[in-house]
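Chemist: Quick one: the structure is below, questions incoming.
None of the figures in this text is laboratory data; all of them are computed from the coordinates on show. Note that the structure is a prediction, hence the values are computed from the model and not measured. Cβ sites come from the backbone with ideal geometry, for glycine too, and all protein chains shown count toward neighbours.
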Amino acid sequence: MSDLMELTLRVWRQPGPDADGEMRTYTVADVSPDMSFLEVLDVLNEELAARGEEPVAFDHDCREGICGACSLVINGEPHGPQKRTTACQLHMRHFADGDVIDVEPWRAAAFPVVRDLVVDRGALDRIVGAGGYITAPTGSAPEAHATPVAKDAADEAFTAAACIGCGACVAACPNASAMLFTAAKIKHLNVLPQGRPEAGTRVLDMVAAMDAEDFGGCTNVGACATACPKGIPVDVITEMNRDWLKAAARSRKSGR
Amino acid sequence: MSAYSEYRVGEPIADTRSPGGPMNDRWSQRKFEAQLVNPANRRHHTVIVVGTGLAGASAAATLGEQGYRVESFCYQDSPRRAHSIAAQGGINAAKNYRNDGDSVQRLFHDTVKGGDFRARESNVHRLAEISLQIIDQCVAQGVPFAREYGGLLNTRSFGGTQVSRTFYAAGQTGQQLLLGAYQALERQIAAGQVTMHPRTEMLDLIVTPQDGRARGIVTRDLVTGKVERHLADAVVLCTGGYGNVFYLTTNAKGCNATAIWRAHRHGALLANPCYTQIHPTCIPVSGDHQSKLTLMSESLRNDGRVWVPKATGDERHPGQIPEDERDYYLERVYPAFGNLVPRDIASRAAKNVCDEGRGVGPGGRGVYLDFADAIERLGRKAIEARYGNLFEMYERITGEDPYTRPMRIYPAIHYTMGGLWVDYDLQSTIPGLFVAGEANFSDHGANRLGASALMQGLADGYFVVPVSVNNYLGETRIAPADPADPALAAAADAAEAGVRERVERLLAVDGDRTADSFHRELGQLMWELCGMERTEESLTEALRRIPALREEFWRRLKVPGGPEQLNQSLEKAGRVADFLELAELLVLDALHREESCGGHFRAESQTPEGEALRDDERFSYVAAWEFAGVGEPPVLHREELAFVEEKPTTRSYA
């Protein structure tokens, strides 16, 4: 490869949750445009280890853009400059020789830093646990064709269900709100006939669980949807608010 | 010949749990005969489930729903990230919604045949039966499968079948099925039935010496480094396959064999490790930095034509290579099937043309998959509608536009059919240790058909494991694990001490090579000598080199950082250490099996057309290996395969 690059990475290093962190500068040479961003970190880590220094900790797993593990803020943007692309699928051909690149973890009170670029996103699992499911214990299901689902509803559910739970929406939001994540899960389930019976309690319980974590409120900025690597549309938030109002009014009436 | 290859042959082994009688009745009969546990007594029992992929999440959720106390473990930060999430194509089920002649019998037949007659019939039949319930269950959970305009479920066709029985959710079926299971699991976590331990890795199994039962696991908290014991009355491993022994694969980076290898070292037999599946259409390696490979769906071969230049070392842009200087080698060698030959044939053919020096792209390990004809014939719009998302993914990774320049593809390791030996109840040779999903060897024989991995994971987790665990606890009337029980405490102390000692040992080597560099070297060795095509010579060479590499690992390994912190280098080192042991067994299994079948191709055993040639006389058995010490020759236990329903024939798709 003739067009190898030399890059300067300024990487957030933090030894533990309660320790102070700082940006530290590293140079990585011979970066091929065909490398993914995470492979550059691999190269850096091999060099650090060879020098006896501790490698940069970062979350990653499938490296195909679907597991949602990777969580890097690159030059101020969650997952970096390429739209609808996770950091693991971001390739170095989008950078130029001599670039200085900042690499930071998700920044949100609800996502405390564990080490370096690794954060704790357990809050997202707890929001799902509050109602992000359909109660259908194993064995209780009716025949699959017993309830037809209109194609547009199925397609809308799928679009919302494409969320990978990475948390980029939270990292992008100036308020660190988890509205897009929460609303996407509610939309996925509430739009399906199977999800209808629990639609009201789902939205009330999940929003309450979201509020109980350290997420901020939504002020309709829309940065979440712009940062979302899976293109979850911002409308799901509007729909969640509508579902919530309806459910709240009904529950007040019924004294729930 | 190395001393390791002088294996001993031990007692034959047999599945004693499958009822006899007509194949159609066996699963019903087993469920009826299985012991039950009174719902009020279930809360006294703890069940450990390791792994949260399709098998693990569905098993943990279901056991929780039944009232057991479940402890669930995963190495990822959330159970939703297990690698089932990346499965693309779909899930098979014999619903026969298309009225195209499908049935449980036909799915059973296709799976036994697709596995090249190396799977156990009763297990496969049960899988086909349960496939019907899986779709019902997933729909009830809100899995957004693709649908027709009438609101009913859509299906598509997949390789190795003549019916349309694959249910799907765009190219993200694994993701949607896993989210369904994950949501059910989160519901049980919120209800307090399941305790979730994310970022926690199992590093050993606790087996009590007096009765040989699995009674717990030892884990390392990946954040704090704390080594801990967890006791239980049954342990279920759902920890996936061992494909990453090859380093560059379509598996996730963290996928590892430590859980099954630790169980194997405690006496659980490991079956058919040489059955590994190679997928022909992956994006090729782009350089030494490559960390993993990405699959491009098999469906692309419906419209793409595979070719390489006729001349070696032809480095022209593909568009400048005239038609008569191209070799459409699949169409030339296999005129009947052309570009749609089975996975193993397509993979080996690609390797052969690259070995001849006609491969394309960096390093010469790639062949073209060209859509120009299809675009001309059907129009760009039609191709976009069929494969748009795949083309986009390809462009993102390679920076090349597949609409105007042919894709480059190359085979890669994708799935492992071998795994821990289990009986019909999915119980290993260690009582109380159950194994589900890709981690066991049970259903796919020597080759797995497309869209069957998801089916098996969910069949095991939702429907088989709960019956088996109930039966085990009911039958043995085992008392709930008591931490104060001296024998159990001693076993747990020993296991915990072993784990701590091993962590210290990895850190103490303090050499000059990283775990990754050893992993890469092991993977390259395995791929070259025990990959798509295996010979006695290559395998013998591998058996010579693996122990040497293992020795070097324990002499030169460098793990920065300490034990009591988040230390990803330490995690990797432990996994690579286990791969260095498992690799040797995989190669030995491949060496001993002097036949070709499914994903195991021995160059010495092929038909004149280059097809896999089985040797049913000598090898119609499951090879279940017993551990005898690191580098010590293992003991082979054979499970003879009886084919009652299906008559083994030469696998032919002509």
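Chemist: log10 I(q)/I(0), Debye, Cα-only chain A, no solvent, q = 0.07, 0.10, 0.14, 0.15 Å⁻¹?
Modeler: Results for chain A at q = 0.07, 0.10, 0.14, 0.15 Å⁻¹ read -0.29, -0.56, -0.95, -1.04.
Chemist: Still on this structure: Counting Lys and Arg as +1 and Asp and Glu as -1, each charge on the Cβ, what is the dipole of chain B about the Cα centre in debye, to the nearest 20?
Modeler: Working: 72 positive and 87 negative charges, 270 e Å.
Approximately 1300 debye in magnitude.
Chemist: About the Cα centre, and with charges only on the beta carbon of Lys, Arg (+1) and Asp, Glu (-1), how big is the dipole of the protein assembly as shown? Nearest 20 debye, please.
Modeler: With Lys and Arg at +1 and Asp and Glu at -1, about 2500 debye.
Chemist: Normalized C-alpha radius of gyration of segment B:78-198, against 2.2 N^0.38 Å? Each step should come with its number before you reach the end.
Modeler: Working: Rg = 15.8 Å, N = 121, 2.2 N^0.38 = 13.6 Å.
In units of the globular-protein estimate, segment B:78-198 measures up at 1.16.
Chemist: Okay, moving on. In degrees from 0 to 90, rounded to the nearest 10, what is the angle of the helix B:173-190 Cα long axis to the longest principal axis of chain B?
Modeler: Value to nearest ten degrees: 20.
Chemist: Just need the relative contact order of segment B:411-500 here, percent rounded to a whole number, with Cα pairs under 8 Å and 6+ apart.
Modeler: Rounded, it is 23 percent for segment B:411-500.
Chemist: Projected onto the charge dipole of the protein assembly as shown (+1 at Lys/Arg Cβ, -1 at Asp/Glu Cβ, origin at the Cα centre), which of A:His188, B:Leu426, B:Thr607 gives the Cα projection farthest towards the positive end?
Modeler: Farthest along the dipole direction, towards plus: A:His188.
Chemist: List every residue whose amide H lies under 5 Å from the amide H of B:Ile206, counting only residues 5 or more places away in sequence or on a different chain, with H placed 1.01 Å from N in the peptide plane.
Modeler: Correct list: B:Arg215, B:Gly216, B:Ile217, B:Val218.
Chemist: Principal axis extents for the protein assembly as shown, Cα atoms only, whole Å, descending order, please.
Modeler: Largest first, the protein assembly as shown extends 77, 70, 64 Å along its Cα principal axes.
Chemist: Also, I was wondering about something else. Lysine pairs in chain B with Cα distance under 20 Å, only those 8 or more apart or on different chains: how many are there?
Modeler: Taking the Cα cut-off of 20 Å, the pair count is 10.
Chemist: Something else about it: What do you get for Rg/Rh of segment B:380-472 when both radii come from the Cα atoms and Rh is the Kirkwood radius?
Modeler: Working: Rg = 19.8 Å, Rh = 16.3 Å.
Taking Rg over the Kirkwood Rh, I get 1.22.
Chemist: Could you size up the charge dipole of segment A:166-247 around its Cα centre, putting +1 on the beta carbon of Lys and Arg and -1 on that of Asp and Glu, and report it in debye to the nearest 20?
Modeler: 280 debye
Chemist: For chain B, what log10 I(q)/I(0) values come out of the Debye formula at q = 0.06, 0.08 1/Å, with one point per alpha carbon and no solvent?
Modeler: Debye curve over Cα of chain B, log10 I(q)/I(0) at q = 0.06, 0.08 Å⁻¹: -0.31, -0.57.
Chemist: Here is a follow-up. Give the order of B:Cys255, A:Cys163 when sorted by the count of other beta carbons within 10 angstrom, beginning with the fewest.
Modeler: Starting with the residue having the fewest Cβ neighbours, the order is B:Cys255, A:Cys163.
Chemist: Something else: Using a 7 Å offset from the Cα along the Cα-to-Cβ direction at both B:Ala336 and A:Thr238, what is the distance between the two label points in nm, to one decimal?
Modeler: Placing both labels 7 Å along Cα→Cβ, they lie 5.8 nm apart.
Chemist: Now a separate question. So how far, in whole Å, is the C-alpha centre of segment B:609-652 from the one of segment A:137-164?
Modeler: One Cα centre to the other: 41 Å.
Chemist: Taking amide H atoms as placed 1.01 Å from N in the peptide plane, list the residues 5 or more away in sequence, or in a different chain, whose amide H sits under 5 Å from that of A:Gly80.
Modeler: Answer set, sorted by chain and number: A:Ile74.
Chemist: Could you work out the percent of alpha carbon pairs in segment A:121-254 separated by over 23 Å, rounded to a whole number?
Modeler: Roughly 31 percent, rounded to a whole number.
Chemist: Pop a pseudo-label 7 angstrom from the Cα along the beta-carbon direction at both B:Asp482 and A:Asp155 and give the gap in nm to one decimal.
Modeler: Those two pseudo-labels are separated by 6.3 nm.
Chemist: Each residue of segment B:251-260 in order: what ³J(HN,Hα) in whole Hz does its phi give by Karplus 6.51 cos²θ - 1.76 cosθ + 1.60, θ = phi - 60°, with x for Gly and Pro?
Modeler: Each residue of segment B:251-260 in turn: 5, 6, 4, x, 4, 8, 10, 4, 4, 6 Hz.
Chemist: Calculated FRET efficiency, B:Tyr328 and A:Arg10, Cβ-Cβ r, R0 45 Å, to nearest 0.05? Kindly include the intermediate steps, with their values, before the conclusion.
Modeler: Numbers: r = 50 Å, r/R0 = 1.11.
After rounding to 0.05, the efficiency reads 0.35.
Chemist: Wrap a convex hull around the Cα atoms of segment B:563-654, take a quarter of its surface area, and give that in square nanometres. Let's see the in-between values first.
Modeler: Numbers: hull surface 39.3 nm².
For segment B:563-654, the mean projected area of the Cα convex hull comes to 9.8 nm².
Chemist: Per residue of segment B:455-464, what does 6.51 cos²θ - 1.76 cosθ + 1.60 with θ = phi - 60° give for ³J(HN,Hα)? Whole Hz please, x for Gly and Pro, Karplus curve as stated.
Modeler: Result, rounded to whole Hz: 4, 5, x, 6, 4, 4, x, 6, 10, 8.
Chemist: Specify the angular offset, from 0 to 90 degrees and rounded to the nearest 10, of the alpha carbon long axis of helix A:199-212 from the longest principal axis of the alpha carbons in chain A.
Modeler: Helix A:199-212 and the main axis of chain A meet at about 40 degrees.
Chemist: Still on this structure, I have one more. Between B:Phe643 and B:Gln524, what is 0.36 nm times their sequence separation minus the Cα-Cα distance? Round to one decimal in nm.
Modeler: Using 0.36 nm per residue and subtracting the Cα-Cα distance, I get 39.1 nm.
Chemist: In addition: In terms of the ratio Rg/(2.2 N^0.38 Å) built on C-alpha atoms, what value belongs to segment A:5-115?
Modeler: Taking N as the residue count of segment A:5-115, the ratio is 1.02.
Chemist: Kirkwood hydrodynamic radius for segment B:279-413: how many Å is it when counted over pairs of different Cα atoms?
Modeler: 14.9 Å
Chemist: Ok, one more. Arrange the following residues from fewest to most other Cβ atoms within 10 Å of their Cβ: B:His44, B:His197, B:His414.
Modeler: B:His44, B:His197, B:His414
Chemist: While we're here: Kindly express, to the nearest 10 degrees and within the range 0 to 90, the angle between helix B:54-65's C-alpha long axis and the longest C-alpha principal axis of chain B.
Modeler: 30 degrees
Chemist: Hey, fewest Cβ within 10 Å first, where do B:Thr535, A:Thr27, B:Thr514 land in order? Display every interim value, and only then the final one.
Modeler: On the way: B:Thr535 16, A:Thr27 10, B:Thr514 25.
Fewest-to-most Cβ neighbours within 10 Å comes out as A:Thr27, B:Thr535, B:Thr514.
Chemist: Only Cα pairs under 8 Å and at least 6 apart count here; give the relative contact order of segment B:99-203 as a rounded whole percent.
Modeler: Averaging sequence separation for qualifying contacts and normalising by length gives 20 percent for segment B:99-203.
Chemist: Now for a separate question. Note down the relative contact order for chain B as a percent, whole number, built from C-alpha pairs under 8 angstrom at least six residues apart. All intermediate terms of the calculation are to be shown ahead of the outcome.
Modeler: On the way: 1412 pairs, mean separation 143.1, N = 654.
That works out to 22 percent.
Chemist: Once you place label points 7 Å from the Cα toward the Cβ at B:Ser164 and A:Arg196, how far apart are they in nm?
Modeler: 2.8 nm
Chemist: Work out from phi, with θ = phi - 60° and the Karplus expression 6.51 cos²θ - 1.76 cosθ + 1.60, the ³J(HN,Hα) of each residue of segment B:221-231, listed in order in whole Hz, and give x for Gly and Pro.
Modeler: Computed from phi, the couplings for segment B:221-231 are 6, 6, 8, 9, x, 5, 9, 9, 9, 10, 9 Hz.
Chemist: Just to be sure I follow the rule: in segment A:121-254, considering lysines 8 or more places apart or on different chains, how many pairs have Cα atoms under 23 Å apart?
Modeler: Lysine pairs satisfying the spacing and distance rule in segment A:121-254 number 7.
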